[in-house]
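Heads up: the structure comes next, in structure tokens.
Each value in this text was obtained by applying a stated rule to the coordinates, not by laboratory testing. Since the structure is predicted, the reported quantities are computational estimates derived from the model, not experimental observations. Heads up, the Cβs are rebuilt from the backbone with ideal geometry, glycines too, and the neighbour counts pull from every protein chain shown.
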Amino acid sequence: MIHARELTKRYGRATVVDGLSFEVRPGQVTGFLGPNGAGKSTTMRMALGLDRPSAGEILVDGRPCRQLKEPLRTIGALLEAKAFHSGRTARGHLRYLAQSNRIPESRVSEVLRLTGLEAVADKRAGTFSLGMGQRLGIAAALLGDPAIVLLDEPVNGLDPEGVRWIRDLMKKLAAEGRTVFVSSHLMSEMALTAEHLIVIGRGRLLADTSVTRFIEANSRTFVRIRTPEPERMRETLSRAGIPVLTGSDGALEAVGARAAVIGELVSAHGLTVHEVSTQSASLEDAFMEFTAGAVEYRASGEVPVRRQGTEGGA
């Protein structure tokens, strides 16, 4: 388990993590979400003892990570791709880590096989692609057979097969009773992988809940209706007290209604419909809605136009 209590990190006058408290429990994949600049990487670094908290604490298996004599046996982590000496082979890199934590050398071959790196085990890691570097980082994280696995953006650089592999691996680790804590900007992957979410913004806790509850609480569900009689349909729904919006493609959106109710109204009033389907928001939609006020960096969406007579113009 990972347990943060009033965790705070300041750099000068800037507070990057602000009184953060949460628990990451075993037996499930917990997603760690937040906009850029939210403090996710800093929190993970403090969990691993790489940065010291300004106040509060974050415990790994009941202790600060700095107190673990052989940390790889308790917590395995991937914070960035290619965090290895480029001149070492993949096998050599893992052997070095194994020796530093008294891990049997047989485990090196096991994780090379597990991550699909057996064929390149004796090649210099500096020649690896980003995806292969990610696999080597994951191999290092799993080297000590740890009860806790912490991964920061683990799918970066992986091809579709690799993305599915790491997704299945995280689920398997959780099913074995391990604590799996993963940060990612890919909401589609989090929706497929995580069961629980910890969401932060500007260093503060915004949500600590299940994926299902998070989506339900931060999105609207509606019934999409395509019909050649939109005005009659709108009038019928309005008389039934059902709010109606018009989608970008002209389809009607009956907000908060159930498809069965819509079907009964259609039948009772002899309306023609081409589609009646329930639409639910994605995790990405819910996340964007929920964190709108906590985004540190936001693009304007405007493209500068070079005008005649300005610098660089004719």
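Quick rundown of the values:
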{"read-out": "Gained length - R220 relative to E253, 0.36 nm times residue gap less alpha-carbon distance", "value": "10.8 nm"}
{"read-out": "Separation of alpha-carbon centers, segment 18-91 and segment 170-231, rounded to whole Å", "value": "22"}
{"read-out": "Stretch in the chain that is longest and holds no trypsin sites (Lys or Arg not before Pro) that DSSP places in a loop and that have at most 11 other beta carbons within 10 Å", "value": "103-297"}
{"read-out": "Sites A55 and S188, calculated FRET efficiency, Cβ-Cβ separation with R0 25 Å, nearest 0.05", "value": "0.10"}
{"read-out": "Under 25 Å from K9, Cα to Cα: lysines that are on another chain or at least 8 residues apart", "value": "K40, K69"}
{"read-out": "Theoretical gain in end-to-end length, R88 to A268 [0.36 nm per residue, Cα-Cα removed]", "value": "57.4 nm"}
{"read-out": "Relative contact order, percent, the chain [alpha-carbon distance under 8 Å, six or more residues apart]", "value": "20"}
{"read-out": "Stretch gain in nm, segment D208-T127, where the contour uses 0.36 nm per residue and the Cα spacing is subtracted", "value": "25.1 nm"}
{"read-out": "Dipole of the chain, positive direction: furthest Cα of S184, F214, L265, with charges on the beta-carbon", "value": "S184"}
{"read-out": "Residue order, fewest to most surrounding Cβ atoms within 10 angstrom, among V199, V261, V244, V17", "value": "V261, V244, V199, V17"}
{"read-out": "Net charge dipole size for the chain [Lys, Arg +1 and Asp, Glu -1 on Cβ; Debye, nearest 20]", "value": "1140"}
{"read-out": "Separation of the S277 and R25 label points, Cα + 7 Å toward Cβ, nm", "value": "3.5"}
{"read-out": "Loop-located GluC sites (Glu not before Pro) in segment 100-166, at most 16 other Cβ atoms within 10 Å (DSSP)", "value": "E105"}
{"read-out": "Convex hull projection area averaged over all views, the chain, Cα basis, nm²", "value": "24.4"}
{"read-out": "Label zone at A119, where the point sits 7 Å out along the Cα-to-Cβ direction: segment 125-167 residues whose backbone N lies under 14 Å", "value": "129, 132, 162"}
